[in-house]
């Protein structure tokens with residue numbers, strides 16, 4: 001697993017080096033070639049990985065990797081089926097006569113793994129980890145919906161836009177289509193009762209945070225201006241929305257989101273407050289109500305009001321200048337957001353390479369590293385099983 005740490009650490013320091021192109025190689029014959037040092041007797045011609053003047057030590061370390069389909073096969077089999085490859089599988093790759101034949105054999109086996117019954121269990125576990133959900137009938141439904149989409153090679157964006165079949169069950173072998181019974185609008189996992197129940201909080205802010213971190217792969221603040229505005233605090237306001245576009249005690253709110261004494265609350269809340277009212281109609285049990293049904297941290301824990309989030313002149317929105325009237329409209333905006341697209345690929349990439357959570361442990365993937373997979377994902381119509389195949393057969397996955 002050392003190659004995974006090297007690859008991602010190097011990528012974080014020098015993203016352009018993480019191309020999926022051919023690495024080094026040439027006529028490398030030195031016993032020390034590949035140690036990231038241009039040793040005596042090595043030249044740029046004989047050992048370009050170590051002696052090339054282009055790039056830094058991380059470029060050289062990345063270029064020194066070599067393709068090893070058998071090592072990649074072991075990791076792919078464990079991730080995709082939960083077991084080591086069979087001897088027949090190992091031999092199919094090891095005994096292939098040349099690199100092209102090895103790649104063909106390896107790719108065929110990865111396709112076999114993702115079409116196996118075991119893959120359904122593995123991808124269900126992946127989605128439970130990704131969504132931080134599961135282990136009860138209600139909490140399993142959102143991960144089961146995502147896993148079912150993956151197994152059926154469905155469209156990733158259906159996670160945010162599907163209007164039916166959003167609460168399936170999974171018995172360890174078979175997915176059974178089911179409808180969410182919590183009332184209200186339907187928009188993929190965005191209206192899932194388990195999600196609404198697990199992430200209930202004052203003002204519905206935890207629901208918004210879950211959406212942002214899980215599907216945009218970053219924490220708040222979500223929108224940052226290149227031209228900060230002085231608002232009388234110890235630091236400037238950095239949001240893109242007008243400072244007064246959210247509620248404060250000076251424009252009708254009961255909580256002062258305009259506070260600038262300790263921190264600039266509006267840096268995060270300028271986005272959060274435009275989304276959260278949409279999710280405030282779900283009660284603590286995840287059931288949709290016709291009135292706002294989440295509490296506030298005010299004395300007596302009264303229910304929230306729309307005026308606590310936004311002044312009367314403002315509407316709910318996904319991002320600045322992207323107004324939405326309801327959750328289905330929000331889902332459509334998310335499905336068109338390049339950051340959501342890239343996040344889906346980045347999370348699949350980190351799973352394949354054994355990395356931890358993108359947000360929780362800052363295991364970010366530079367966009368250049370996965371550009372090929374993002375482009376292919378978009379071109380395929382966001383087909384999830386195709387994405388899995390693309391990641392597990394990428395040059396970076398099979399190089400060590």
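The values are calculated or read from the model by the stated rules, or taken from the named source; none is laboratory data. All values derive from a computational prediction rather than experimental measurement. No Cβ is skipped: glycine too gets one built from the backbone with ideal geometry, and neighbour counts run over all protein chains shown.
What about residue 226, is it at negative phi and outside the structural domain of residue 307 (by TED's automatic domain parsing)?
No; evaluated as a whole, the condition is false for this residue.
Is there a residue being within 20 Å of residue 157 (Cβ to Cβ) and not in a loop (DSSP other than H, G, I, E, B) anywhere in the stretch 358-369?
Checking the stretch 358-369: at least one residue is within 20 Å of residue 157 (Cβ to Cβ) and not in a loop (DSSP other than H, G, I, E, B).
Taking residue 280, is it at pLDDT below 95 and either within 25 Å of residue 141 (Cα to Cα) or out of contact with any strand residue (DSSP E or B) (no Cβ under 7 Å at 6 or more places or on another chain) (or both)?
Against the criterion (at pLDDT below 95 and either within 25 Å of residue 141 (Cα to Cα) or out of contact with any strand residue (DSSP E or B) (no Cβ under 7 Å at 6 or more places or on another chain) (or both)), residue 280 does not qualify.
Scan (1) touching a residue at least 60 places away in the same chain (Cβ under 8 Å); (2) under 18 Å from residue 392 (Cα atoms); (3) within 10 Å of the chain's Cα centre (by Cα) for the single condition residue 354 breaks and write down its number.
Going through (1) touching a residue at least 60 places away in the same chain (Cβ under 8 Å); (2) under 18 Å from residue 392 (Cα atoms); (3) within 10 Å of the chain's Cα centre (by Cα) one by one, residue 354 breaks only (3).
For the stretch 302-317, give me each residue that is out of contact with any helix residue (DSSP H, G or I) (no Cβ under 8 Å at 6 or more places or on another chain) and in contact (Cβ under 8 Å) with a residue 60 or more places away in the chain.
Result: 307, 312.
Quick one: residue 264 ticks every box in (1) surrounded by fewer than 16 Cβ atoms within 10 Å (Cβ to Cβ); (2) touching a strand residue (DSSP E or B) at 6+ places or on another chain (Cβ under 8 Å) bar one, so which box is it?
(1)
Of (1) in contact (Cβ under 8 Å) with a residue 24 or more places away in the chain; (2) more than 26 Å from the chain's Cα centre (by Cα); (3) buried (at least 18 other Cβ atoms within 10 Å of the Cβ), residue 293 satisfies all except one. Which?
(1)
Could you check, for the stretch 267-277, whether at least one of its residues is touching a helix residue (DSSP H, G or I) at 6+ places or on another chain (Cβ under 9 Å) and assigned to a loop (DSSP other than H, G, I, E, B)?
no
Can you confirm whether the stretch 225-243 contains a residue that is under 23 Å from residue 359 (Cβ atoms), surrounded by fewer than 20 Cβ atoms within 10 Å (Cβ to Cβ) and in contact with a strand residue (DSSP E or B) (Cβ under 6 Å, 6 or more places away or on another chain)?
No, that holds for no residue.
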